[in-house]
Amino acid sequence: MKNTILILTVILAVFFYTNLTAEEASITFPTEIIEVLNTNCPVMGGEIDKTVNTIVDGHLYYFCCGGCIGTFEADPAKFLEKLKDAPTKTLKVTNVDGKCPVSGLEASLKFFKIDEEASTITFYSNQESMEPKVE
């Protein structure tokens, strides 16, 4: 009986891992991001801090504090009216293959650098990949 339960557990684990991997593989990396250039936080109304941000549906939004990100992500539609007149800028993604240009690992939408002059955005796998190498 114990062997049967163990075998069933292994089969289910393989099944869910395989489906998760297939689902993740079907996600395509964006070719562009729309930067919403709001000056006030859409949640609390305070002055934004550009280091506090999130990307939702291909749009980069800025907030006053980290607490506002979760509130926004839970129901973006609730706050989009406040951003309807905010100027936007299209940023071309430099690494549309989804790979970090430093590590070669899968890039994350949470770690990026924007080149304002070139209107581009580059995604990295983690914070360390974004830091310049000191030699």
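The values are calculated or read from the model by the stated rules, or taken from the named source; none is laboratory data. Not measured: the values here are computed from a predicted model. Ideal geometry is used to build each Cβ from the backbone, glycine not excepted, and the neighbour counts take in all protein chains shown.
Here are some notes:
- Residue in region 16-29 that is modelled with pLDDT of 50 or more and surrounded by 13 or more Cβ atoms within 10 Å (Cβ to Cβ) present: yes
- Residue match in region 1-13 (condition: modelled with pLDDT under 95, assigned to a loop (DSSP other than H, G, I, E, B) and farther than 24 Å from Leu91 by Cβ): yes
- Residue that is surrounded by the fewest Cβ atoms within 10 Å (Cβ to Cβ), among those in region 95-135 that are among the aliphatic types (A, V, I, L, M) and touching a Leu at 6+ places or on another chain (Cβ under 7 Å): Ile114
- Members of region 57-74 found to be surrounded by 15 or more Cβ atoms within 10 Å (Cβ to Cβ) and under 21 Å from Phe123 (Cα atoms), listed by number: His59, Leu60, Tyr61, Tyr62, Phe63, Ile69
- Region 75-91, residues that are within 28 Å of Glu117 (Cβ to Cβ) and loosely packed, with under 15 Cβ neighbours inside 10 Å: Lys84, Asp85, Pro87, Thr88, Lys89, Thr90
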